[in-house]
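Colleague: Structure incoming, see below.
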Amino acid sequence: MSHGHDEHRGVQPDEELTPRARRALAMHELLVEKGVVEDGEVEERARRVQSRSITDGARVVARAWTDSGFKGRLLADARSAVGELGLSLTHDAELAVVENTESVHHLVVCTLCSCYPTALLGPPPDWYKSAPYRRRAVVEPRVVMREFGLDLDESVRVRVIDSTADLRYLVLPRRPGGTEGLPQEELAALVTRDSMIGVSEAQSP
Ligand code: FE
């Protein structure tokens, strides 16, 4: 039995990095060299984003479902409303919350890259960053949503919203039926990441 080269290549040198990773490393070194960021600052930011999860976003949604005053403030000025819950946006980008109703459904995409409300949802899923989603969400949003299991009635107006680095969007999904009287923690458990992007609805209890 012989070992082919492919089976035992040991530690890979740098040229095995993808072009994208190589570019990111080079950019990191350049930013540190130019004094734009401190060494370690980028790692710290990456750790902070990774440590976030959708829990905070789900809490915001559950609160809006049960407190119409809060919902009004959230739709008008999301940054200060989430501050009421002790949450802060980690980045300078503004946050806007858009409400799904019986008659209008919002779907969020970043056509340019992957802008996303990471402060409330953590890092975006890979499909959100993919070129097919970024393109297709705009040209055929209903088809995309159907692939996520959401078949909207033709009478519902679909609004596709383009996130930017300066303004990120969080969808306030519709409150599922049969949830009257549920405590906020149980409501929050029904709020999925995908429902806050708009590709699906919140779960039913
Ligand atoms: Fe982006």
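Colleague: Cut-off is 10 Å between beta-carbons; in what order do Asp67, Asp194 appear when sorted fewest neighbours first?
Modeller: Details: Asp67 14, Asp194 22.
Least to most surrounded, the residues fall as Asp67, Asp194.
Colleague: Next question. Ignoring solvent entirely, what values of log10 I(q)/I(0) come out of the Debye formula for the stretch 122-205 at 0.18, 0.19, 0.20 Å⁻¹ when each Cα is a single scatterer?
Modeller: The Cα Debye sum returns log10 ratios of -0.87, -0.95, -1.03.
Colleague: Let me ask something additional. Calculated from DSSP H runs of 4 or more alone, at -39500 (n - 2.57) each and per residue, what is the 222 nm mean residue ellipticity of the chain, nearest 500? Before the final figure, lay out the partial values.
Modeller: Values: 11 runs with 88 residues, N = 205.
That calculation yields -11500 deg cm²/dmol at 222 nm.
Colleague: With +1 on each Lys and Arg Cβ and -1 on each Asp and Glu Cβ, how big is the dipole of the stretch 54-109 about its Cα centre, in debye rounded to the nearest 20?
Modeller: On the way: 5 positive and 8 negative charges, 26 e Å.
Dipole size: approximately 120 debye.
Colleague: Quick one: net charge of Ser114's neighbours, Cβ under 13 Å, K/R +1, D/E -1?
Modeller: Values: positive: Arg20, Lys129, Arg134, Arg168; negative: Asp126, Asp162.
Net charge in that neighbourhood comes out at +2.
Colleague: Please state the equivalent ellipsoid semi-axes for the stretch 96-143: what are the square roots of 5 times the Cα gyration tensor eigenvalues, largest first, in whole Å? Present the calculation step by step, with values, prior to reporting the outcome.
Modeller: Values: eigenvalues 68, 55, 12 Å².
That gives 18, 17, 8 Å for the three semi-axes.
Colleague: Around Pro141, with a cut-off of 15 angstrom between Cβ atoms, what is the net charge of the other residues, counting Lys and Arg +1 and Asp and Glu -1? Write out the running numbers ahead of the final one.
Modeller: Numbers: positive: Arg134, Arg135, Arg136, Arg142, Arg146, Arg157, Arg159; negative: Glu140, Glu147, Asp151, Asp153, Glu154, Asp162, Asp194, Glu201.
Local net charge: -1.
Colleague: Still on this structure, please answer the following. Which three semi-axes in whole Å describe the equivalent ellipsoid of the stretch 30-143, each the square root of 5 times a Cα gyration tensor eigenvalue, listed largest first?
Modeller: 28, 22, 11
Colleague: Might you list the cysteines of the chain that have no disulfide-compatible partner by the rule of another cysteine's Cβ under 4.7 Å?
Modeller: Lacking a cysteine Cβ partner under 4.7 Å: Cys113.
Colleague: A follow-up question, please. Net charge near Ala202, counting Lys/Arg +1 and Asp/Glu -1 over other residues with Cβ under 15 Å of its Cβ? Don't skip to the end; give the middle numbers.
Modeller: On the way: positive: Arg59, Arg63, Lys71, Arg174, Arg175, Arg193; negative: Glu99, Glu102, Glu180, Glu185, Glu186, Asp194, Glu201.
Every neighbour counted, the sum reads -1.
Colleague: Compute the distance from the alpha-carbon center of the stretch 42-73 to that of the stretch 111-143, in whole Å.
Modeller: Answer, in whole Å: 18.
Colleague: Starting from one equal scatterer on each C-alpha and no solvent at all, send me the Debye-based log10 I(q)/I(0) for the stretch 57-205 at q = 0.20 Å⁻¹, two decimals.
Modeller: Debye intensities relative to I(0), on a log10 scale: -1.31.
Colleague: Right, here's the next one. So how strong a dipole does the chain carry about its Cα centre when Lys and Arg Cβ are +1 and Asp and Glu Cβ are -1, to the nearest 20 debye?
Modeller: Values: 26 positive and 33 negative charges, 93 e Å.
Approximately 440 debye in magnitude.
Colleague: Quick one: the Cα spread of the stretch 83-168 along its three principal axes, in angstroms, biggest first?
Modeller: 38, 29, 19
Colleague: Just check the stretch 80-120 against the gyration tensor rule for me: Cα atoms, a ≥ b ≥ c as the square roots of the eigenvalues, rounded for a/c under 1.5, and otherwise prolate or oblate depending on whether a/b exceeds b/c. The partial results should precede the final answer.
Modeller: On the way: a/c = 3.28, a/b = 1.22, b/c = 2.69.
Here the stretch 80-120 falls in the oblate category.
Colleague: What do the square roots of 5 times the Cα gyration tensor eigenvalues come to for the stretch 37-80, in whole Å, largest first, as semi-axes of the equivalent ellipsoid?
Modeller: Details: eigenvalues 196, 32, 4 Å².
Working from the Cα gyration tensor, I get semi-axes of 31, 13, 4 Å.
All of the numbers you see were taken from the coordinates with simple rules; none came from a lab. Quantities reported herein were computed from a predicted structural model and do not represent experimental measurements. Note that each Cβ is placed from the backbone with ideal geometry, even for glycine, and that neighbours are counted across all protein chains shown.
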